[in-house]
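J.: This is the structure I want to talk about, given as structure tokens.
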Amino acid sequence: MSDDIGFVPRKVGRYWDKHCEIDVVALDTDSKKAFVAECKYHRTEPMGLTDLNRLVAKAESVKELNGYDIRYGLFSISGFTDSLLGKEVVLVDKGIRML
């Protein structure tokens, strides 16, 4: 997915503390680029703008990501709403990458 997120990650994992949890965090600490994503594979309704906004708020609350150029992503088995059309987000639906 490095073409989709714009860099080759040096570290990949998840982030959590007592205030928030982010399912996927990929970092290139040299170039200060990050990819953060939310995964929903046990939900029947499509992901939408509310999910993206919630993810952005979570990422903004993580002080370790201050100064990083962040790309966002959503992974969903149930698809996505039209509210995400034209937004800067990587969408992954049933294993197929989409922008």
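The values are calculated or read from the model by the stated rules, or taken from the named source; none is laboratory data. Given the structure is predicted, the values throughout are model-derived calculations rather than measurements. Every residue, glycine as well, gets a Cβ built from its backbone with ideal geometry; the counts of neighbours run over all protein chains shown. Heads up: the accessible areas ignore ligands, DNA and RNA and are worked out on the full protein's heavy atoms, side chains in. Shrake-Rupley method; radii C 1.70, N 1.55, O 1.52, S 1.80 Å.
J.: Need pairs with beta-carbon distance below 6 Å; first residue among the hydroxyl-bearing types (Ser, Thr, Tyr) and within region 38-51, second open to solvent by less than 60 Å² (accessible area, probe 1.4 Å); sequence gap 6+ or separate chains.
T.: Matching pairs, first to second residue: 44/78.
J.: Check residue 78 against each of (1) touching a strand residue (DSSP E or B) at 6+ places or on another chain (Cβ under 6 Å); (2) modelled with pLDDT under 95; (3) open to solvent by less than 50 Å² (accessible area, probe 1.4 Å) and name the one condition it does not meet.
T.: Result: residue 78 passes all but (1).
J.: If you go through region 18-28 one residue at a time, do you hit one that is over 15 Å from residue 1 (Cβ atoms), out of contact with any helix residue (DSSP H, G or I) (no Cβ under 8 Å at 6 or more places or on another chain) and touching a residue at least 12 places away in the same chain (Cβ under 8 Å)?
T.: Pass one, region 18-28, residues over 15 Å from residue 1 (Cβ atoms): 18-22.
If we keep only those that are out of contact with any helix residue (DSSP H, G or I) (no Cβ under 8 Å at 6 or more places or on another chain) too, we end up with 18.
This time we only want the ones that are touching a residue at least 12 places away in the same chain (Cβ under 8 Å), so: none.
No.
J.: For region 1-49, enumerate the residues that are of a type in the set (A, V, I, L, M) and open to solvent by 50 Å² or more (accessible area, probe 1.4 Å).
T.: Initial filter on region 1-49 (of a type in the set (A, V, I, L, M)): 1, 5, 8, 12, 22, 24-27, 34, 36-37, 47, 49.
Across region 1-49, the qualifying residues are 1, 8, 12, 49.
J.: For region 50-67, indicate whether the set of residues that are under 23 Å from residue 7 (Cβ atoms), assigned to a loop (DSSP other than H, G, I, E, B), touching a Lys or Arg at 6+ places or on another chain (Cβ under 7 Å) and open to solvent by 40 Å² or more (accessible area, probe 1.4 Å) is non-empty.
T.: Looking for residues that are under 23 Å from residue 7 (Cβ atoms), assigned to a loop (DSSP other than H, G, I, E, B), touching a Lys or Arg at 6+ places or on another chain (Cβ under 7 Å) and open to solvent by 40 Å² or more (accessible area, probe 1.4 Å), one finds at least one in region 50-67, hence yes.
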